[in-house]
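A short worksheet on the structure shown next.
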Amino acid sequence: MKLPYYFIFDIETVGLPLEYFDEAQQEYLLRSAQTDEDREKKIREFALSALTAKVVCIGIMIMEWKPDGEAVCVKQGALILDETLPTGKKQRVELADGTLAQASDEHTLLTSFWKMLTEYFDHAYLVSFNGKEFDAPFLMLRSAACRVRPSKKIVDMNKSWDKVQKHIDLLKELTFNTYGANTSGAARRFNFDFYARAFGITSPKAEGIHGGNVAEFYANGRIKEIAEYCMRDVRATWELYLYWREYLDFSE
């Protein structure tokens, strides 16, 4: 059965400071770092793990595929982290293009995400880029670390979602599900920016911010710019999905 909605999502994360961890954790995290360069590299990599990083933004766009073949956006926006707000407090923020965002502490941010996902989950495909390997498990683990119970299990070790394409991970689709060990050859793995440019899609990184400097922007209080970048990522993910659907989707 074809589902009417598409829930497109992307997250931005920032590593926790080294002093957040106790002495034993620090020793474990920096083990094998032989030089200052090794140490800095390991600290930068904190952003890649849900137990050493926090979610600073979740971009979401919900598309509905109408019976006449037209896809329309029914909801979009960003959930952004504001650590100055008390738990449960939400603040409306307007981004430069008029898109609305909701600022809150991380516990409230994650709770809001799961509430929105639950609203559409039974009638929607999830669409992401590398979401099966990164965004989905990160959100589940980070939620647990923040004492938020995920409302849905969006990581399936049995891969049953692959059979019905409940979660369409475009990186898996564009590497024909072989990217884990596929670093060369016709279906080698590229980053999102490369795929976007290759298929004529405006890169989300075209305006100066990218995943590598999110931590810098966050440290400087530029969270709105992070949210705007995250939403560009989400919209470009949808465009990449449409391209893949037209030329490479043989599921029907």
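Things to note:
- With respect to the stated conditions, Arg189 fails to be modelled with pLDDT under 95, more than 16 Å from the chain's Cα centre (by Cα) and either in a helix (DSSP H, G or I) or among the polar types (S, T, N, Q) (or both).
- Of residues in segment 138-173 being of a type in the set (Lys, Arg) and over 16 Å from Ala53 (Cα atoms), the one modelled with the highest pLDDT: Arg149
- Residues within segment 1-53 that are part of a helix (DSSP H, G or I) and farther than 24 Å from Ile154 by Cα, tallied: 20
- Summed over segment 197-244, residues that are farther than 19 Å from Val93 by Cβ, touching a residue at least 60 places away in the same chain (Cβ under 8 Å) and small (Gly, Ala, Ser) total 2.
- Hits in segment 67-87 (condition: touching a strand residue (DSSP E or B) at 6+ places or on another chain (Cβ under 7 Å) and in contact (Cβ under 8 Å) with a residue 12 or more places away in the chain): Ala71, Cys73, Val74, Lys75, Gln76, Gly77, Ala78, Leu79, Ile80, Leu81, Asp82, Leu85
- Tally, over segment 125-153, of residues that are more than 15 Å from Gln165 (Cβ to Cβ), part of a helix (DSSP H, G or I) and not basic (Lys, Arg): 11
- Pairing each residue of segment 1-27 that is more than 22 Å from Met61 (Cα to Cα) and of a type in the set (Phe, Trp, Tyr) with any residue that is at pLDDT 95 or above and not in a strand (DSSP E or B), provided the two are 6+ apart or on different chains, yields C-beta distances under 8 Å for Phe21/Leu29; Phe21/Thr52.
- For segment 7-37, taking the residues that are among the polar types (S, T, N, Q) and surrounded by 10 or more Cβ atoms within 10 Å (Cβ to Cβ), the one that is nearest to Thr118 (Cα to Cα) is identified as Thr13.
- Checked against (1) modelled with pLDDT of 90 or more; (2) at negative phi; (3) not in a helix (DSSP H, G or I), Val214 passes all but condition (3).
- Filter result (crowded, with 19+ Cβ neighbours inside 10 Å and not aliphatic (A, V, I, L, M)) within segment 38-68: Phe46, Thr52, Lys54, Cys57, Gly59
- Cross-chain or 6+ apart pairs with Cβ under 8 Å, segment 118-138 first and small (Gly, Ala, Ser), then surrounded by fewer than 19 Cβ atoms within 10 Å (Cβ to Cβ) and outside any strand (DSSP E or B): Ala124/Leu3; Ala124/Pro4; Ala136/Val155
The values are calculated or read from the model by the stated rules, or taken from the named source; none is laboratory data. Worth saying up front: this structure is predicted, and the values here are computed from it rather than measured. Don't worry about glycine lacking a Cβ; one is built from the backbone with ideal geometry, like all the others, and counts go over all protein chains shown.
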